[in-house]
Each structure stands twice: as C-alpha cells, then as structure tokens.
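Quick notes on the structure that follows.
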Amino acid sequence: MAVNRDSNAYTVLFAAGLVIVVGSILAYLAFSLAPAIAENMRLEKQQNILYAMGVNENVDEGSVNFVPTDKVADDFKKYIVDQLVIEGDKITSNKEAYLIDLKKEMTAAKNGAVQKLPLFIGEKKGKKFYIIPMYGVGLWDAIWGFVSLDDTLTVQGVFFDHKAETPGLGSNINQRYFMDDFTGETILKDGNFVGINVAKVNNDPKNNIKDDNEVDALAGATITGDGISAMIKKSLKLYRPYLESVKAKN
Amino acid sequence: MLEHIELFFKSIFIDNMVFAVFLGMCSYLAVSKKVATAVGLGAAVIFVLAVTVPLNWLLDKYLLQDGALAWLGPEYADYNLSFLSFILFIATIATMVQLVEIVVEKFSPSLYNSLGIFLPLIAVNCAILGGSLFMQAREIASFGLALNYGISSGIGWFLAILAIAAIREKIRYSNVPPPLRGLGITFIITGLMGIGFQSFGGMLTGGDEEPEEVGKTTVEKIPAKTKTIEEDQSTGREDKKTEEIDEKSVSYINVIKE
Amino acid sequence: MGILTKKDARLILDPLADDNPITIQVLGICSALAITAELMASIVMAISVLFVLGIGNVVISLMRNIIPSKIRIIVQLIVVATLVIIVDQVLKAFAYELSKTLSVFVGLIITNCIIMGRFEAFALANGPWRSFLDGIGNSLGYGVILIIVGFFRELLGSGTLFGHPVLGDAIEKTGLYATGYENNGFMILPPAALIVVGIIIWVQRSKNPALIEEN
C-alpha cells in the first residue's frame, strides 16, 4: 500500500467510506426486511395472546408449543371474539388493538396523553377470557407478557417473554414450569387488588395453595422476578376500573 | 433530588457493574495487580462513562427511539431506528475514547503517560457499553439522571477494581498454593466479594414499600366504586373524581353486556 | 489448503489448553459468567462466538492493510457490530424461532472482549487463512471452558442437564434426593462461575507448572 495510512486525509476518507458502506448495508437491510420482520412479530403476538388463554399445542409437561404460524390467523379470529381499546372513559372495539405498542403508549402517558389500553376478549367452550397485555423491565432489558382472567378474576393462563434476560436464569420466565404456576391464582385478596407476587420466600414450592397471591420464584433470578411482580401490578392497576365492572357483573 | 440520591447509591452498590452484573471483568482482572494502575484505569472509566452515557442518552432520545425523530416534523414520527443502537453507542464510545486520548496527549503529557496505555483498553470494556445499554433499557428519564448514572456506575467500577487491587497487593504475603497464584486466586476472591455484594440487594429496594401503597389505594377506592356499580350510578357524588369513575363504570358495564 | 501444517495446527490446539482465552489470556470473562447457569445456553453461546470470531477475523485480516491506525478500534468494533446486526436481522426475517433463542446473545457477543482481543492481537497482523484458524481455535478454547462451567453449574445447582433431571426429583424427593441431598442454589448465581473458573485454573496450572504466575 503506497498510501500513507496515518495521514489525516486518509483517515477521514476511510471513516467516511466506512460510514457510507455500513450505513447503506444496514439501511437497505432494515428497509427490505422490515415487512417480513413485522409480519413475524404480528403472528407471534397472536400466538402469545392465544397461548395465554390456553389455546396452544402443548403436549407434555416440558415445552411451550404455540399454535403453528400458518393456523394462527384463523384461530385468532375464531377464539378472540372482541378486541377493545380503553381510552380514558371511552371503550371502542378495534380489530387491530393487538398491534398497539404498549411501550409507546406508556411513554405517551408519561407526557400527559391518555393511554390507550388494549384488551382482548376470548371465548373457548362457552367460557369468557379477559386477556390483558403487560410490559415491564427485568434485569437487563424489557419483559412483557399476557395474562388471561376469567369472570371471577382468577388467572387462566399467562405468557411471559423477554428481550435479553440472563440465559439459564431470568430467561426461564418463558418456560412452562414458571408460567404454569400462575394458572389458578387469583389477583384479589379479601376483595382488594393485590396482583400476583413472585415470591422468593415461599413455603409452597409445589404451588398447591392458589389463593395466596404468590408463585414460587426462579432461583437466581431475583431482579427478573421482581420485574414480573411489578409488571403484573402496574398493568392490572391500569385496567382496574374495567376489571371491577367485570367482577361486579358476576 | 431524592431520585438522584437513590440512583447514585443504587448504581454504586446494588447494581455494581462488577459484582452485581459482572460487566467489565476482563480489564478488572487483567489490570488489578497494582493499586496505582488500578486507580488510573478506574478514573478513566469514570470519565468515559460520565461522558458517553449522557451523550448516548441524547442520541437515544432524539434519534434512535421509536418515534424519536418526531422533532424533525410529523412525517418522521413513524421511523424506528432502534436497531442501530448498538452500532451508534459503540461508535460514540470508541470515538470518545480516541478523542480523550488525543486531547490528553496534547494538553497534559504527564497524565497521558500515567493513563496512556489504559485508554484504548476502555473501548473494549463492556462496562462502558453496558452503561449505555442499561440507560436505554431502564428508560432513564432525564439528562441529569443519565449523567448521574454514568458517574455513579463508574464510581462503582472504580471501587471494585481498587478493592481487588489492594487485596492482590496484600495477598502477595500469603502462602497461596502455587497453581492458584495470580489469576486463580483473583477469580475466587472476586467470587466471594460478589457473594458479599449480593447482600446489598436488600438495600433501598427493600420489599414491602410498594405493595403497601397499592394496598392503601385499593382500600380507599374500592368500596366507593363497587358500591356505585352495585347500586345506582346516578346517586349524587360530592367528589368530581368519583363522578368520573361512575361514568366509566357505566360505559364498561354496557360494553360487557353487549 | 486441506492439510494443516504443524504451525497451523498449533493455532487451533494452543488456545484449547496452554493459551486458553479465558484461563490464560483473560478474555471473554463477562459472558462466561453470565450465561453458564445452564449447559444448553453455554453451547449456544460457544457456537455463536465460533461463527462471529471465525468470520470477523477473516474480514479484519482482509482489511488489515487499509485500516488507518488512528481509528482502528472504531473500525473493528463497527465491523463486528455490523456483522452481528446483519445476522440478527436476517434471522428475524427468515428464521424467527431461531432468532428468539439467539437474541439474548447478541449484546453479549458484541461486547465480548475475546472478539476485539483476537482482532487486535492476531487478525491485524496475519493473513486471512491463519486468522480464520486462530478464530476457530480461540472460540473452541473459549467454548470448552464455557461447557465445563455450564456442566457443573447446572448439575450441582439445578440437578439437571440440558433441562432434564438427572439426579431425581428435588420436590418429590426421589433418586439422590431421597438420601438427603439438596441442590446447591449458590451454584446458579454468577459468583459461583468465578469460583468454578478459579478451580479450573487451579487444575490446569497444577498439570502444567510452566503456567504458574509469580504472584
């Protein structure tokens, strides 16, 4: 190489060239892949919502099996009978409510706007499910999930997922042995809303007691577990007026 | 003010970069043989964190976040550039490190000589990138808090490397089994210190505060609300707020009945 | 280039033992602590690093004659970050399930100092083929330690391997647990990884006294 690689001119030129090359590769990639990625995420959201209300292909105890992606759109239409958007004291029905970005809404709410709260009503074998989306923060990054409640505000199923929790510890919140524990728990205590606590000190590791508002925590994942407890509490709080009217009706 | 103090101590002790989340381990282990060099590297880390975290906060707020480009005009509000976070954060950090190197070399050659070799090392210290990514993930609210977070997590890292360097200087006089000398015993000591630091987890965040608050509000509000639902919605309320809630429950019930 | 010369073979074999990236070079520690609570995660991480380091080393080695020395750190970091982001985005579009499993590792790979360390120490000064071998060797050496640590932490901490219980049922008290054995919950906490690595170093240096440090 005859060029003086230490000269300022070369350095600047090289930096500019690198920025252009890398920038255009990434921009092209983002632009061309965005529709496919968005479609994947849309289907995943439908799968997650259905999973929370117990529509899934779980066979044994071990693994999480969603409705396959080619069937999920039909199943979603079949089982989710209504999608609501709660906006202050207005409730509207909206077929695209499940696409609402919770994080964006929370930021908007912080800036004084009225938060749009999506809520999905599912029906399976004549039984009604109220499915609430949740969003929170774990140890490293975002965590989110869905919880489905019946008329008596008993949990019928949950789904949790995370962006980047520690593999092998916090990342296990999306495993069956953690999520299944929530089923049957109630979010009420003596008629008050308390949510569900992910408890470290728990005398009930097999989770036989269902009315203690507690599930057994994952060992080694304290902060992720606390994040889940806080997420459930925070999200259910937003929906409390609606849930109270559900409870009052029955 | 209180949130600043809380964040400050939380970042130093509870979320200590080395002992709680185990970031920046490589330089921590490699450059902790002497207290003097450890202090130099630690100070450099504090400085770089204090500069890059607020800088990346601005980048995140006005460029990367979903809808962050709204300040350019409403037609830009839909862009989401968050997939560029990694690369931009890294570019900021590497640029800052190299900039600091050039400036220090120019204006204070003596400081450069004592710090010089450590400065390039900082770019690969994952505690630095970790600081920026934590800042993004935890949605730190203001520029001031971001600055605070950068400085305090830097101090946490500084304390950690200072402590291990001091221990390593003293342990020279102990009879460590030869194969464990140096790196081996440092790993084990760090592990033990990590266990110790886990006990800070009970500080501040300490448990019952939040649920108590939730419980209180429910006790206050629920009887009033359920009453209105069960009885008649049109009963007079002296409080405007409850009136609003009444309206809410009316509309909810209608929707459910459908 | 099918047959490795003796010198080339050393590039692969040395990092497996006497020049191990974790226990000797002190590179890539953070990830070794973060992800070794389960054996499966350790293996996934080891394979991911194998890909990134192998390819990244070749790319940097090809660029070594045109990178300006003043900004080489930025260039190296940008190259590796770009590689990882491209793979991440492509997987998200075409293999979504796989990308979900790997997304956790993306940040850990970019910040992994083993990658920068090998770029700086080897790829900048050597040809693409030798850099490739160096990348493979070092990531294998890294992977071996990860897998050993992951094995012990999962076995002793959770009583499972790859998620399957191997010591009996901890709650129902069957198998080994019937004798009063308990899982050591401490093993799944990150500090335990430090101690396990410390013990690996101990064993390694007892076998090869040439590696022993003065202090």
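Computed quantities for the displayed model
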read-out: Region A:113-136, residues that are among the aromatic types (F, W, Y) and either within 12 Å of the chain's Cα centre (by Cα) or open to solvent by 20 Å² or more (accessible area, probe 1.4 Å) (or both); value: A:Y135
read-out: Matching helices (runs of 4 or more DSSP H) fully within region B:1-94 where at least 2 residues are within 14 Å of chain C (Cβ to nearest Cβ); value: B:25-30, B:35-59
read-out: Residue match in region A:158-176 (condition: farther than 16 Å from A:S229 by Cα, more than 13 Å from every other protein chain (Cβ to nearest Cβ) and open to solvent by 10 Å² or more (accessible area, probe 1.4 Å)); value: no
read-out: Pair list, Cβ under 9 Å, 6 or more apart: region C:190-210 residue surrounded by 17 or more Cβ atoms within 10 Å (Cβ to Cβ), other residue charged (D, E, K, R); value: C:A192/C:R153; C:A193/C:R153; C:V196/C:R153; C:Q204/C:D18; C:R205/B:R181; C:R205/C:E213
read-out: Filter result for the condition that a residue is facing chain C (nearest Cβ under 10 Å) and either on the phi < 0 side of the Ramachandran plot or in contact with a Phe, Trp or Tyr (Cβ under 9 Å, 6 or more places away or on another chain) (or both), over A:N48, A:N65, A:N56, A:N40; value: A:N40
read-out: Check on A:K103, open to solvent by 10 Å² or more (accessible area, probe 1.4 Å), out of contact with any Ser or Thr (no Cβ under 8 Å at 6 or more places or on another chain) and in contact (Cβ under 8 Å) with a residue 12 or more places away in the chain; value: yes
read-out: Counted residues, region A:41-56 - those being basic (K, R) and either open to solvent by less than 30 Å² (accessible area, probe 1.4 Å) or in contact with a strand residue (DSSP E or B) (Cβ under 8 Å, 6 or more places away or on another chain) (or both); value: 0
read-out: Matching option when the condition is surrounded by 19 or more Cβ atoms within 10 Å (Cβ to Cβ) and facing another protein chain (nearest Cβ under 7 Å), among C:I71, C:I85, C:I67; value: C:I85
read-out: Residue in region A:108-123 that is more than 30 Å from C:F162 (Cα to Cα) and among the β-branched types (V, I, T) present; value: yes
read-out: Any chance B:A165 is open to solvent by less than 10 Å² (accessible area, probe 1.4 Å) and over 26 Å from C:G107 (Cα atoms); value: yes
read-out: Single unsatisfied condition, C:D14 versus (1) more than 10 Å from chain A (Cβ to nearest Cβ); (2) open to solvent by less than 20 Å² (accessible area, probe 1.4 Å); (3) under 17 Å from C:I200 (Cα atoms); (4) in a helix (DSSP H, G or I); value: (2)
read-out: Only listed residue being open to solvent by less than 40 Å² (accessible area, probe 1.4 Å) and either within 14 Å of chain A (Cβ to nearest Cβ) or over 17 Å from the mean Cα position of the chain (by Cα) (or both), chosen from C:I47, C:I60; value: C:I60
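Conditions (1) surrounded by 13 or more Cβ atoms within 10 Å (Cβ to Cβ); (2) of a type outside the set (S, T, Y); (3) under 23 Å from A:W144 (Cα atoms), marked per residue:
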site	(1), (2), (3)
A:D6	no, yes, no
A:L26	yes, yes, no
A:A36	yes, yes, yes
A:E39	yes, yes, yes
A:N58	yes, yes, yes
A:N65	yes, yes, yes
A:I86	yes, yes, yes
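The values are calculated or read from the model by the stated rules, or taken from the named source; none is laboratory data. Given the structure is predicted, the values throughout are model-derived calculations rather than measurements. Don't worry about glycine lacking a Cβ; one is built from the backbone with ideal geometry, like all the others, and counts go over all protein chains shown. Heavy atoms of the whole protein, side chains included, go into the accessibility calculation; ligands, DNA and RNA do not. Shrake-Rupley method; radii C 1.70, N 1.55, O 1.52, S 1.80 Å.
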